[in-house]
Amino acid sequence: MNIAYFLLPKSRIAYLYDDFTIRQGLEKMRNRGYTAIPVITRDGRYVGTVSEGDFLWRLLSDGTDLTMKKAESLRVCDIIGNKYPAVRITVTMDALLESAMNQNFIPVIDDLDNFIGIVTRRENWAPMRENSTVIFLRRPLDQLPLDGRPVSQANPLEELYEKRLPLYEKAADLTVDNDQVDRAVDEIIRRLKL
């Protein structure tokens, strides 16, 4: 499935420019009710994301000397966090779901690093359920292939499984044990009444 299906385009969401003042950034976040917001350059490249916490820590680091005048001299680019890494529009669904577990939204960029929109967790679930039956194929970890799976090769499987299991269980309409392929296929056919 193509992630463009889940994409909220840049034209439909709020974002900050990296040259905005801290005051402008705070005002836009407050007006929109966001707790985190993407930051882009004037030419459209994704720079990062700022959160309420980024603003708060910056304000606290200046002590009680922060005035409105000083808030207008500080720029959003000075406080950008890296908690929301972007994915390319060509990302696999597995990688997208991995990001969705750790982020409230996933910034999406094109091949030239231009910001094109976001995918939010909320938007992921409804389209999957409307257009398909989501099946979680539960398999013993020692039977999982690692070839061609860079995330699985770079991280301990037990940690990944523990982290992903709640997401898989929540997303699944049906859970089937997949220790033997023939038996798993028969179980899916039986339960879906095909």
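Derivation of every value follows stated rules applied to the coordinates shown; laboratory data play no part. All figures in this text were calculated on a predicted structure; none of them were measured in a lab. Neighbour counts run over all protein chains shown; Cβ positions are idealised from the backbone, glycine included.
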Subject >> Gain on full stretching of the segment that runs from LEU144 to LEU56 - 0.36 nm per residue minus C-alpha separation >> reply: 27.3 nm
Original post:
Once both labels are modelled 7 Å past Cα along the beta-carbon direction, what's the LEU157-MET101 spacing in nm?
Top reply: 1.5 nm
**OP:** Just grab the label-to-label distance for VAL181 and SER73, each label 7 Å out from Cα along the Cβ direction, in nm (one decimal).
**Re:** 6.8 nm
**OP:** Tell me the label-point distance for the pair TYR5, ALA172, using the 7 Å Cα-to-Cβ offset, in nm and rounded to one decimal.
**Re:** 2.0 nm
